[in-house]
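Novice: Below is a structure I'd like to ask you about.
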Amino acid sequence: MDAFTTLTGIAAPLPMANVDTDKIIPARFLKTIARTGLGKSLFANLRYNEDGSENPDFVLNQQPYRRAEVLIAHENFGCGSSREHAPWALLDFGIRCVIAPDFADIFHNNSFKNGILPVRLPREVCDQLMEDAKLGANARITIDLERQVVVRPNGEEIPFEIDPLRRHLLLNGLDDIGQTMQQAPAIDSFEARQRAAQPWLYR
Amino acid sequence: MSATKPRTLYDKIFDAHLVETLPDGTALLYIDRHLVHEVTSPQAFEGLRMAKRPVRRLDGTMAVVDHNIATDASRYTGIEDPESRTQVETLEKNVKEFNVPYIPLTDARQGIVHVIGPEQGLSLPGMTIVCGDSHTSTHGAMGALAFGIGTSEVEHVLATQTLLQKRAKNMRVTVDGVLPVGCTAKDIVLAIIGKIGTAGGNGHVIEFAGSAIRALDMAGRFSVCNMSIEGGARAGMIAPDETTFEYARGRPFAPQGEAFDRAVEWWKTLPSDEGAVFDKEVFLDAAEIVPMVSWGTSPEDVLPITAAVPDPESGGDEARRAQLRRMVEYMGLTPGQKLTDLKVDVVFIGSCTNSRIEDMRAAAQIARGRHVAEGVRAMVVPGSGLVKQQAEREGLDAIFRDAGFEWREAGCSMCLGMNPDKLTPGQRCASTSNRNFEGRQGPGGRTHLCSPAMAAAAAVTGFLTDVREIV
């Protein structure tokens, strides 16, 4: 996983609530056995017409948002299925940060595991950033995870909250399996206790 | 936490599986059961392979294929779609390489992972259960803590049998009273989601309680917990009681004999204590519930079948109005149109929400002696090979076939548009599944969520129908 420290880039406005994971990556694209290559199918049903041509009305088909690294949306982003293909598709497209008033729990979790930073900010702030984003290439926004601020194109800094452990893992690009493996003695002793109390859980 | 403080069902199971609390308060939670399917596991096994890590608890893991497979006889002669085939073959290769227990496609026990977990006794009260699938919340009906995880977490559980978790908030949804005739568990849960919204349970675990929930059989409880995630909650649960214990008794992976009795003793201590505090409480009167149907493209956009399509211009701020306009357009609706005037093209009875034997019986009761309307394709897809066998012993397959329904093999089928069963653009479907998102059942498909009886009623009339008018 790539570390996330500071990102300055173009933000794409997606003024929609309840953007579900079927919208982010429809189920027919989940048949891959790899983590990469899903960027072309990101938002497929919105991004392409039935004949496969691009829908010019969709934001990611417009300049400069084809190079967007940040996505700004409304409430409950990432609701629906647990598919990690959703953050994989965002990442493969080039998006490293999603800003929204709130996120569905599983998507929120999955994002951190893939070096994508989900930033929760109040709706009115998201609306402000959405207006900034509509200004296009001259309106790059910065997300500074070290200092926990989003910097608007006019220089205004907006602080955001983030879980300290998740921040640490993201800043250092750490995978948490290796970290948990160090707790093996504690897991061993939990299993020994549980096996004694509830032997039927073990076969 | 003092020993005397009243605790919720969720707190008790969480505490009983706490391996360690990290300095920042994150919990390392032990996972008793890990269910694995072909879609969300290939990259996890690949991760293990790269890091040369084994699966830690083979006896705590079970794999099955369900999402990609066809639900007709063609599945036994090989999967046509090359990508689906690769995904299924990859799982078969992985379970062999890592020695993971596996229920193959040809086994009568094969079926939808959330149907077979409880059916096999793999999912039991008091357990922590995970699967790389958001509808893992289903298993919470056993009185377990069950939730969906992403592929990175699938790998984490395979390698360590644990997960890093923050404690969720507690939410209780109490449904008291007697459910009117024609209403089912599905109508209860659709009404709940309509009330709390699709983000209502974000950050929470929902405990469903009250006399109307207690009165449900296990199939009904699975339907309710299944759709917790549509209300935003990763997990939904119902306190285990005699209904749960009787369901679990004698199942292949359940403890047997004296061990079962000892397990029941522990299970009886799990229900939330008197005075346990919930961060959020919601109440519904069962008597006020009417048969529900979704009209839009989010599961919160549900209405009683007696209602009409809403006017987008009447709702909320501009963003909400834009969303409503989009829904009305996508769904091919006219504001003010009665829901019962909507003609259906397809009826799908199945999915991890509604494919158990009780669901089959409810649909068959409507289908018996009637016939699928002209121009409607209606399919019934049992949740497991064992559900199918049971239904056939009861003659339900004959009732469905005589009425013009397709009687199919077990799988996820038309719930999610990643196997041959899908809608074509513009088709309108009365579906017993759980999600009505745009394109969920196939690009351009239009989904109306409802109960099995309501779906069967739509099949025989050709329109969304108030089932109370034909029973």
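The values are calculated or read from the model by the stated rules, or taken from the named source; none is laboratory data. All values reported here derive from a predicted model rather than from experimental measurement. Methodologically, a virtual Cβ is constructed for each residue, glycine included, from the backbone with ideal geometry; neighbour enumeration extends over all protein chains shown. Ligands, DNA and RNA are excluded from the accessible area calculation, which covers all protein heavy atoms including side chains. Shrake-Rupley method; radii C 1.70, N 1.55, O 1.52, S 1.80 Å.
Novice: Does any residue of region B:59-68 turn out to be touching a Gly at 6+ places or on another chain (Cβ under 6 Å), more than 8 Å from chain A (Cβ to nearest Cβ) and modelled with pLDDT of 95 or more? Full working, then the answer.
Specialist: Of the residues in region B:59-68, the ones touching a Gly at 6+ places or on another chain (Cβ under 6 Å) are B:66.
If we keep only those that are more than 8 Å from chain A (Cβ to nearest Cβ) too, we end up with B:66.
Restricting the remaining residues to those that are modelled with pLDDT of 95 or more gives B:66.
Yes, region B:59-68 contains a residue that is touching a Gly at 6+ places or on another chain (Cβ under 6 Å), more than 8 Å from chain A (Cβ to nearest Cβ) and modelled with pLDDT of 95 or more.
Novice: Which fully enclosed helices (runs of 4 or more DSSP H) of region B:198-287 have 2 or more residues being open to solvent by less than 60 Å² (accessible area, probe 1.4 Å) and touching a strand residue (DSSP E or B) at 6+ places or on another chain (Cβ under 8 Å)?
Specialist: Values: elements: B:211-214, B:218-226, B:242-248, B:257-267.
Those helices (runs of 4 or more DSSP H) span B:211-214, B:218-226.
Novice: Also: What residue, of B:T461, B:T447, is in contact with a Cys (Cβ under 8 Å, 6 or more places away or on another chain) and either at pLDDT 95 or above or under 23 Å from A:P26 (Cα atoms) (or both)?
Specialist: Values: B:T461 fails: in contact with a Cys (Cβ under 8 Å, 6 or more places away or on another chain).
One residue alone meets the criteria, B:T447.
Novice: Quick one: in region B:48-66, of everything that is open to solvent by 10 Å² or more (accessible area, probe 1.4 Å) and of a type outside the set (K, R), which residue is farthest from B:E155 (Cα to Cα)? Please lay out each step first, then the result.
Specialist: Let us first name the residues in region B:48-66 that are open to solvent by 10 Å² or more (accessible area, probe 1.4 Å), namely B:49-59, B:62.
Restricting the remaining residues to those that are of a type outside the set (K, R) gives B:50-51, B:54-55, B:58-59, B:62.
Working: B:M50: 12, B:A51: 11, B:P54: 10, B:V55: 9, B:L58: 13, B:D59: 16, B:M62: 14 Å.
Of everything passing the filter in region B:48-66, B:D59 is farthest from B:E155 (Cα to Cα).
Novice: Any residue at all in region B:31-47 that is modelled with pLDDT of 95 or more, open to solvent by 60 Å² or more (accessible area, probe 1.4 Å) and either within 26 Å of A:L201 (Cβ to Cβ) or within 12 Å of chain A (Cβ to nearest Cβ) (or both)?
Specialist: yes
Novice: Residue by residue through region B:120-141, note down the ones that are at the interface with chain A (Cβ under 9 Å from one of its Cβ atoms) and assigned to a strand (DSSP E or B). Show your work before the answer.
Specialist: First, the residues of region B:120-141 that are at the interface with chain A (Cβ under 9 Å from one of its Cβ atoms): B:124, B:126-127, B:131-136.
B:C131 - this is the single residue of region B:120-141 that is at the interface with chain A (Cβ under 9 Å from one of its Cβ atoms) and assigned to a strand (DSSP E or B).
Novice: Please go through region A:156-203 and pick out each residue that is in a loop (DSSP other than H, G, I, E, B) and either without any contact (Cβ under 8 Å) to a residue 12 or more places away in the chain or within 26 Å of A:D132 (Cβ to Cβ) (or both).
Specialist: At the first step, the residues of region A:156-203 found to be in a loop (DSSP other than H, G, I, E, B) are A:156, A:160-163, A:173-175, A:182-183, A:198, A:202-203.
Once the filter is applied, which keeps residues that are in a loop (DSSP other than H, G, I, E, B) and either without any contact (Cβ under 8 Å) to a residue 12 or more places away in the chain or within 26 Å of A:D132 (Cβ to Cβ) (or both), region A:156-203 yields A:E156, A:F160, A:E161, A:I162, A:D163, A:Q182, A:Q183, A:Q198, A:Y202, A:R203.
Novice: Right, another one. Select from region B:168-197 the residues that are within 12 Å of chain A (Cβ to nearest Cβ) and in contact with a Phe, Trp or Tyr (Cβ under 9 Å, 6 or more places away or on another chain) and write down the one among them that is most open to solvent (accessible area, probe 1.4 Å).
Specialist: B:K169
Novice: With the condition kept exactly as written, say whether any residue in region B:160-167 is among the β-branched types (V, I, T), surrounded by 24 or more Cβ atoms within 10 Å (Cβ to Cβ) and more than 8 Å from chain A (Cβ to nearest Cβ).
Specialist: Within region B:160-167, not a single residue is among the β-branched types (V, I, T), surrounded by 24 or more Cβ atoms within 10 Å (Cβ to Cβ) and more than 8 Å from chain A (Cβ to nearest Cβ).
Novice: Same structure, new question: Hey, does region B:392-411 have a residue that's within 14 Å of another protein chain (Cβ to nearest Cβ) and open to solvent by less than 30 Å² (accessible area, probe 1.4 Å)? Steps first, please.
Specialist: Keep residues of region B:392-411 that are within 14 Å of another protein chain (Cβ to nearest Cβ), which gives B:411.
Now restrict to residues that are open to solvent by less than 30 Å² (accessible area, probe 1.4 Å): B:411.
Looking for residues that are within 14 Å of another protein chain (Cβ to nearest Cβ) and open to solvent by less than 30 Å² (accessible area, probe 1.4 Å), one finds at least one in region B:392-411, hence yes.
Novice: May I ask you to verify whether B:T77 is within 9 Å of chain A (Cβ to nearest Cβ), over 25 Å from B:Y247 (Cβ atoms) and open to solvent by 20 Å² or more (accessible area, probe 1.4 Å)? Spell out the reasoning first.
Specialist: On the way: within 9 Å of chain A (Cβ to nearest Cβ): no; over 25 Å from B:Y247 (Cβ atoms): yes; open to solvent by 20 Å² or more (accessible area, probe 1.4 Å): yes.
Judged against the criteria, B:T77 is not a match.
Novice: Also, I was wondering about something else. Where in region B:341-460 are there strands (runs of 3 or more DSSP E), lying wholly inside it, with at least 3 residues that are in contact (Cβ under 8 Å) with a residue 60 or more places away in the chain and not assigned by the TED database to the domain that holds B:V115? So that I can check it myself, show each step before the final result.
Specialist: Values: elements: B:346-349, B:377-380, B:428-431, B:446-449.
Strands (runs of 3 or more DSSP E) meeting the threshold: B:346-349, B:428-431, B:446-449.
Novice: Checking the conditions here, which among B:G25, B:G47 is in contact with a helix residue (DSSP H, G or I) (Cβ under 9 Å, 6 or more places away or on another chain) and at positive phi?
Specialist: Working: B:G47 fails: at positive phi.
Result: B:G25 is the single residue among B:G25, B:G47 that is in contact with a helix residue (DSSP H, G or I) (Cβ under 9 Å, 6 or more places away or on another chain) and at positive phi.
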